[in-house]
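Okay, so here's the structure we're looking at.
Read the figures in this text as sums done on the coordinates, not as results from a lab. Keep in mind that this is a model prediction, so the values were computed, not measured. Here the Cβ positions follow ideal geometry from the backbone for every residue, glycine too, while neighbour counts run over all protein chains shown.
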Amino acid sequence: GVKIVTIGGGSSYTPELMEGFIKRYEELPIREIWLVDIDDGKEKLETVGKMAQRMWDASPYDVKVHLSMDRREALKDADFVTTQFRVGLLNARIKDERIPLSYGMAGQETNGAGGIFKAFRTIPVILSTVEDMKELCPNAWLINFTNPAGMVTDAIIRYGKWEKVLGLCNVPVGAMMAEPELIGKTLDELIYSFAGLNHFHWHRVKDLQGNDVTSEIIDKMYSNDSGIPANIHDIPFFIEQLKQMNMIPCGYHRYYYRSEEMLKHMLDEYNDPNVGTRAQQVKQTEAELFELYKNPDLDYKPEQLAQRGGAHYSDAACETIASIYANKNTHMVVSTKNNGAVPDLAPDDVVEVSAYIGAAGARSIAFGSLQSAERGWLQLMKNMELCVEEAAVTGDYGVALQAFTINPLISSGEKAKRILDELLIAHKNYLPQF
Ligand code: NAD
Ligand code: G6P
Ligand code: MN
Ligand code: MN
């Protein structure tokens, strides 16, 4: 039987994972699941852990869910380790959102200054987790879901020297779930190709005759639900731009292609005392979810989880694990080493790309060179990520400032430096490297 370990097990998303594993039990025979958390998340872990066990008890399968505050005890002989932790919890995210915005710049979980600081807090924790894995489960696969998932996955390979890792995101899943019906098709009648970076990828679509149907979807995206995650305000892209690129951007591209409008929306919502930042909204949803999880009669994933931006992430996580375990060679979109799939980036850069997932991990599918605008964006964003990772590992203030300077959502100058300094102080308990 398979041993799964989930770091950050107290997350309200854990029932997503359990549902995905229960659904796939026949191809992925799990023996035990270990949910790991820290003292700050103990209460959440206990509540959601009991709920997870009830979900298994209501299934035909005999699986034990272990709860542990001891990562090393849990990791021993793991086959798959999944990560869904949030260093500093949602209070840290509120600071990532509020502080940049107080200087008139975007405050977002994975983009701009907030995303950079989420990486600064997360990378030291993931690298120490990888060191434990080298000792305790050297053959395990690491399935990283912790954001910013692209940078975290890149740092695992580049600095942690751990190759058996795949990074995941639910955004491509959402697109593939919502778009086919816009053009009267089902997913198995279409061939999807994704390439770019996490929260910064584009995709193209062909039908089974090999005809490119991307522009048909682009036309329909305008008046319909295109699968954008619940957390992103839906400002449309400029149609002329989409037609020119003949690719569909991911939901997060709005922060770059429509920066002004997205910033205005953030200012309006965050400063409205009845709304607040996204993390403040999520806190509310989380409290409601944990109230439900406390109900000893609830033994299935509640509807309300769909209010979280990460809905359906189990489809990515559990399918990836099942595909590795059973060598299924399924098409999935993962953060993995480029290996030439996107020739505009270096072969050892982690990219988010369509790949076949099997026992040897991901074999990324060649996407080919991009046009000038996309190539420019991608090279800028990837090198911004590399500065962030370097600063996260070394604590070098200069390289952190370089990352801020080239990040398109942060203007350069005194204000940027003040945001950096303020965030360093606000998060100092989680930034041992600085
Ligand atoms: P959350 O705030 O509920 O945190 C999850 C758990 O992590 C908490 O119980 C917390 O106590 C625990 N934790 C914090 N530091 C830890 C540590 N050092 N070791 C072990 N556990 C620790 O978070 P959430 O809103 O459920 O999101 C979880 C993570 O998943 C976040 O990083 C989020 O960005 C990410 N996420 C990713 C995607 C994606 O598309 N890749 C989608 C949704 C969420
Ligand atoms: C999307 C992204 C995730 C992100 C989430 C935020 O699904 O893919 O990477 O963490 O939204 O959702 P939330 O409900 O926490 O705002
Ligand atoms: Mn994501
Ligand atoms: Mn900048």
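Checking the Cα-Cα distances for Lys164/Lys301; Lys76/Lys118; Lys23/Lys328 against a 23 Å cut-off, the pairs over it are Lys164/Lys301; Lys76/Lys118. Taking the Cα centre as origin and putting +1 on Lys and Arg beta-carbons and -1 on Asp and Glu beta-carbons, what dipole magnitude results for region 284-344, to the nearest 20 debye? Here the size comes out at about 340 debye.
Distance between the 7 Å Cα→Cβ label points at Asn274 and Arg72: 5.3 nm.
Using a Förster distance of 30 Å, how high is the FRET efficiency between Tyr103 and Glu288, based on the Cβ-Cβ distance and rounded to 0.05? All intermediate terms of the calculation are to be shown ahead of the outcome.
Values: r = 32 Å, r/R0 = 1.07.
That pair, Tyr103 with Glu288, gives E of 0.40.
Binned at 10 Å from 0, what are the whole-percent values of the Cα-Cα distance distribution for region 40-140, short to long? Using 10 Å bins, I get a P(r) of 13, 31, 31, 19, 5, 0 for region 40-140. Computed from label points 7 Å out along Cα-Cβ, the spacing between Ser259 and Glu240 is 2.0 nm.
Computed over the chain, the range of Cα coordinates on each principal axis works out to 57, 54, 44 Å, biggest value leading. Listed peptides 134-146, 62-74 appear in the order 134-146, 62-74 once ranked by packing, highest mean of other Cβ atoms within 10 Å at the front. Using only side-chain charges placed at the Cβ, +1 for Lys and Arg and -1 for Asp and Glu, the dipole size of the chain relative to its Cα centre rounds to 700 debye.
Estimated from helical segments only, the mean residue ellipticity of the chain at 222 nm is -14000 deg cm²/dmol, where each DSSP H run of four or more residues counts as -39500 (n - 2.57).
For region 297-382, the gyration tensor built on C-alpha atoms gives an oblate shape. Its axis ratio a/c (a ≥ b ≥ c) is at least 1.5, and a/b is not larger than b/c.
The simple Förster model, with R0 at 41 Å and r as the Cβ-Cβ distance, assigns Arg375 and Asp297 a FRET efficiency of 0.15.
Computed on the chain, with alpha-carbon pairs under 8 angstrom and 6+ residues apart, the relative contact order is 18 percent.
With a cut-off of 16 Å on the backbone N, the residues of region 46-61 near the modelled label site 7 Å out from Glu32 along Cα-Cβ are 53. Spatial offset of region 171-197 relative to region 342-416 amounts to 24 Å, using the alpha carbon center of each.
Taking the DSSP beta bridges in the chain as the whole, what percent of them are antiparallel, to the nearest 5?
Of all bridge pairs located within the chain, approximately 50 percent are antiparallel.
To the nearest 0.05, how large is the calculated FRET efficiency for Glu135 and Ala326 if R₀ is 22 Å and r is the Cβ-Cβ distance? FRET efficiency, Glu135 to Ala326: 0.20.
Distances between every pair of Cα atoms in region 8-99, grouped in 5 Å steps from 0 to the bin holding the largest one, split as 3, 13, 24, 23, 18, 9, 6, 3, 1, 0 percent. Once a ≥ b ≥ c are taken as the square roots of the eigenvalues of the Cα gyration tensor of region 377-421, is the result rounded (a/c under 1.5), prolate (a/b larger than b/c) or oblate (a/b not larger than b/c)? Here region 377-421 falls in the oblate category.
Stretching the chain fully between Glu46 and Lys417 yields a gain of 129.5 nm (0.36 nm per residue, less the alpha carbon separation). Put a dot 7 Å past the Cα of Ile183, heading toward its Cβ, do the same for Gln307, and the two dots end up 3.5 nm apart.
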